[in-house]
Amino acid sequence: MPPRLPPLPDDQWDDRAREVLAPLLPRSMRNAEAAGNLLSTLVRHPELTGAFLPYSTYVLARSTLPDRLRELVILRIAKRRDCAYEWTHHFYAARQLGLTEAEIEAAGRGKAADPLESAVLGAVDELEDGSDVSDRTWAALADHLDEHQLMDLVFTVGTYALMAMAFNTFGIRPEHDARERAERRGARGH
């Protein structure tokens with residue numbers, strides 16, 4: 001089935017489409033092929049993309065949540081929401097951070113051996129199921145995470161749940177070279 005919103009072809013990119021990607025991509029990558037399916041689809045709506053990318057980049061690259069925990073969150077959401085794009089890209093991002101394939105697959109099922117990681121994955125499930133975390137889960141998280149990290153955790157869950165909805169609805173598919181793209185971006189691709 002073709003995507004509902006296919007990537008914008010190069011001949012339809014205008015200055016505004018390229019401009020909204022400037023903070024994220026060098027000039028040489030502001031085109032449909034180099035930007036990839038996700039960004040090439042999002043530039044169909046430059047105003048939305050220009051507003052959303054700085055925020056989503058914060059969540060991905062500058063939040064206080066440790067990288068490993070962030071990737072576990074994203075993997076769990078991707079699996080729960082059956083989002084092939086997120087799963088594929090963040091599988092490789094997690095591998096670059098040193099997670100084993102077994103840890104990645106377990107995270108997809110909401111399982112982790114480490115108590116903090118288990119609490120984080122439990123928080124994802126609770127937020128997805130009821131838009132809140134239990135007092136027990138909050139206390140377990142607060143034993144290890146500070147106030148900013150707790151806030152960033154909740155926003156990471158919400159952000160990647162939103163993106164999974166958008167990616168699935170628009171029909172954004174992972175590229176055949178998702179691993180190479182993730183490695184090139186240094187595990188910073190959305």
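Laboratory data are not the source of any read-out in this text; all were calculated from the coordinates shown. On a predicted model such as this, the values are computed, not experimentally measured, just so you know. Positions of Cβ are generated from backbone atoms using ideal geometry, with glycine treated the same way; all protein chains shown enter the neighbour counts.
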Determine the shape class of the range 65-170: with a ≥ b ≥ c the square roots of the Cα gyration tensor eigenvalues, call it rounded for a/c under 1.5, and otherwise prolate if a/b is greater than b/c, oblate otherwise. oblate
Ellipticity estimate at 222 nm from DSSP helix runs (n ≥ 4, -39,500 (n - 2.57)) divided over the chain, nearest 500: -19500 deg cm²/dmol
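Which order, highest average first, do 82-95, 142-155 follow once you tally other Cβ atoms within 10 Å for each residue and take the mean per peptide?
Details: 82-95: 22.0, 142-155: 15.6.
Packing proxy ranking, top to bottom: 82-95, 142-155.
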Between the range 105-174 and the range 4-32, how many Å separate their Cα centres? 31 Å
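Using the Cα gyration tensor of the range 23-118, with a ≥ b ≥ c the square roots of its eigenvalues, what is the shape: rounded (a/c below 1.5), prolate (a/b larger than b/c) or oblate (neither)? If you can, show how the numbers build up before the last one.
Values: a/c = 2.22, a/b = 1.96, b/c = 1.13.
Note, shape of the range 23-118 comes out prolate.
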Can you work out the Karplus-derived ³J(HN,Hα) for every residue in the range 68-84? Use 6.51 cos²θ - 1.76 cosθ + 1.60 with θ = phi - 60°, whole Hz, and x for glycine or proline. 4, 5, 4, 5, 4, 4, 5, 4, 5, 4, 4, 6, 4, 9, 6, 9, 4
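So, R0 is 22 Å and r is the distance between the beta-carbons of E128 and Y55; what FRET efficiency does that work out to, to 0.05? Write out the running numbers ahead of the final one.
Working: r = 20 Å, r/R0 = 0.92.
Efficiency at R0 = 22 Å is approximately 0.65.
Multiply the residue gap between A102 and D10 by 0.36 nm, knock off their C-alpha separation, and tell me the result in nm, one decimal place. Before the final figure, lay out each step's value.
Numbers: separation 92, 0.36 × 92 = 33.12 nm, distance 3.92 nm.
That pair, A102 and D10, stretches by 29.2 nm at full extension.
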